[in-house]
1. Checking the conditions here, which among T560, T495 is over 16 Å from D383 (Cβ atoms), out of contact with any Phe, Trp or Tyr (no Cβ under 9 Å at 6 or more places or on another chain) and in a loop (DSSP other than H, G, I, E, B)?
2. Of the numbered conditions (1) modelled with pLDDT of 95 or more; (2) over 14 Å from F306 (Cα atoms), L413 satisfies every one except a single condition; which is it?
3. Take A525 and decide whether it is part of a helix (DSSP H, G or I), within 30 Å of A216 (Cβ to Cβ) and not β-branched (V, I, T).
4. Considering only region 30-69, state which residues are in contact with a strand residue (DSSP E or B) (Cβ under 9 Å, 6 or more places away or on another chain), part of a loop (DSSP other than H, G, I, E, B) and either within 19 Å of L147 (Cβ to Cβ) or not assigned by TED's automatic domain parsing to the domain that holds P104 (or both).
5. Those residues that are at pLDDT below 95 and surrounded by 19 or more Cβ atoms within 10 Å (Cβ to Cβ), I need them from region 47-69; list them, please.
6. Let me confirm something: among G362, G420, G385, which residue is outside the structural domain of R60 (by TED's automatic domain parsing), surrounded by fewer than 22 Cβ atoms within 10 Å (Cβ to Cβ) and out of contact with any His (no Cβ under 8 Å at 6 or more places or on another chain)?
7. For R471, work out the one condition from (1) assigned to a helix (DSSP H, G or I); (2) of a type outside the set (A, V, I, L, M, F, W, C); (3) surrounded by fewer than 17 Cβ atoms within 10 Å (Cβ to Cβ) it doesn't fulfil.
8. Taking S598 as meeting all but one of (1) among the small types (G, A, S); (2) surrounded by fewer than 24 Cβ atoms within 10 Å (Cβ to Cβ); (3) modelled with pLDDT of 95 or more, write down the number of the exception.
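The values are calculated or read from the model by the stated rules, or taken from the named source; none is laboratory data. The structure presented is a predicted model; accordingly, all values stated were derived computationally and were not measured. Here the Cβ positions follow ideal geometry from the backbone for every residue, glycine too, while neighbour counts run over all protein chains shown.
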Amino acid sequence: MQKLSAVNDFVVKFANVNGSGSASANQLFAKSILRMGIPIASRNIFPSNIQGLPTWFEVRVSGEGHLGRRGGVDMAVAMNPQTWDRDIAELEPGGYLVYDSTKPLPRSRFREDITVLGVPLTEMCNARYTDARQRQLFKNIMYVGALSSLLGIDPAAVEQLLTEQYRGKEKLAASNREAFHMGRDWARANLPEIGLRLEPADKVGNRIYVEGNAAAALGAVYGGATVCAWYPITPSTSLAEAFERYCRRFRTDPDGRKRYAIVQAEDELASIGIVIGASWNGARAFTATSGPGISLMQEFVGLSYFAEIPAVIFDVQRAGPSTGMPTRTQQSDVLSAAYASHGDTKHVLLLPEDPRECFEFGAAAFDLADRLQTTIFVLLDLDIGMNDWLCEPFAWDDAKRMDRGKVMTAEMLEAGTTFGRYLDVDGDGIPYRTYPGTHPSKGAFFTRGTSRDRFAKYTEQGAAYVDNMQRLLRKFETAKSLVPAPIERKASRTTPYGVIYYGSTSAAMREALVGLEQDGVHLDALRIRAFPFPEDVSRFIEAHETVFVVEQNRDAQLRTLITTECGIDPARLVPILHYDGTPITARFIRAAIGRQASSLDVVPLRKTVP
């Protein structure tokens, strides 16, 4: 049997039971590798129940710095009998299986082409501990110890992490260190050397390890948000909770006075209503939700669009429709967010690729909302929002000031400046607004959610309505120059073929592009970061005969949006779709585009892609 052999380049997958306390142990494993200077990418795949169902934690070790899912598993830590067969089946030929060997298993339960590494975890725990909960928790720490021996993890890195995790609780830290060394010492004495190894490197640099929801929440603080109204929903809840933590730190005066308001409303509809009310009064406000929440918010989002009131919605997408798979990831709200509400509406979407952009776009969304006087959607997904990512440190210019857009002051009104709440004075489609109470007698704060003329006077005359709707289109055109521009990556040689992608797909896409070049498939690539689409998107498509569009939903929603908004022949856009709820992998993209490329004669038909 050929055993897998690799240094700083492999995938370890933990199979556990939800509620078993494995999460902290698995994170300890991941972070200890980071402390050795080796880049990793971790993914938590968990059920939507509270306790008892299977959960998985995948750690990709990549000395080359690939942060997307690769696909395939090189080492499985199988701690859940319910998923045993599935977990073993995922192993690459020549891979390694680590399991609790306290209870002997027949040879038929294993594969002939893998190396089996049994560790009597339950036996060791039962011999050392009497408390049932301790036995369960320390079993997890013991397998981290065994892995540290097998893979060459620096024990000092693990001990330092335990000290930091249990700061002020030395007794608990000491107990965890003991369990760690019990597993490590047993493995050193009883297990053979394997082909997977970790060697200290210096490839992490100054990058940080953070989840997207926390990054977006911090971006909201830096963007000037002082109001959050939300209703708990997976996978967005941790965004609102992180905002509260940051506000306690950054928006609380020395005397204890809070300079923020966080409201857990009775439902999503109430949440966005509070946000719009606060924004109309001049605050910067947002809500965090997911697909079902977007469905409920439709009417108020239409009010924001038509009455032209700023609002920000962080939509952390999950698998739908209905309840769907609430703890699985998808890019499934693109169309529902872009055209949210009834009637003719179009909304600005920001599409961050990682926590750094979650922070940047989270802050920029409030400037855009004020500037454009409309709802801005920041579309994360569960993969970005609830997983930790290795990314560049956040950057902020302390000289930056909030852009409140076109706001009419009392002085301007007193000076006789013509004010029409829906009057376009310079052709960009954006009118002036005022804050409530700006002037005691002018009534300039008035806002309408019904049909009106340029001066906010109620009317149902068709010409006035058409004039207003056309102005809103001009404003949407103006937004094209304000949203983040797409980023293009050229192939190593001239090619008539391209690929478009966005959001959390980016990390796997970048790796897949390298593999596709090795396969003879050369693609120019364009990462879209916002809607409305800047002209660069149309130009990119027009410059290529065929463009693949990679996204994580069934109905090719971004492709649909592009063909509708850019007037592109759908036949020129080839969908590459992944929507099983797990994050897309580089292997999937490489294989899917490879098959399509062969049929298009991009490469010889004999070419195969692994």
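1. On the way: T560 fails: in a loop (DSSP other than H, G, I, E, B).
The conditions single out T495.
2. Only one criterion in (1) modelled with pLDDT of 95 or more; (2) over 14 Å from F306 (Cα atoms) is unmet by L413, namely (1).
3. Numbers: part of a helix (DSSP H, G or I): no; within 30 Å of A216 (Cβ to Cβ): yes; not β-branched (V, I, T): yes.
Here the answer is no, as A525 does not meet what is asked.
4. Let us first name the residues in region 30-69 that are in contact with a strand residue (DSSP E or B) (Cβ under 9 Å, 6 or more places away or on another chain), namely 30-31, 33-34, 38-48, 51-69.
Among the residues that remain, those that are also part of a loop (DSSP other than H, G, I, E, B) are: 38-39, 46-48, 51-53, 63-68.
If the condition is that a residue be in contact with a strand residue (DSSP E or B) (Cβ under 9 Å, 6 or more places away or on another chain), part of a loop (DSSP other than H, G, I, E, B) and either within 19 Å of L147 (Cβ to Cβ) or not assigned by TED's automatic domain parsing to the domain that holds P104 (or both), then I38, P39, G63 are the ones that fit.
5. T55
6. Working: G362 fails: surrounded by fewer than 22 Cβ atoms within 10 Å (Cβ to Cβ); G385 fails: surrounded by fewer than 22 Cβ atoms within 10 Å (Cβ to Cβ).
Residue meeting the stated conditions: G420.
7. Condition (3) is where R471 drops out.
8. Failed condition: (3).
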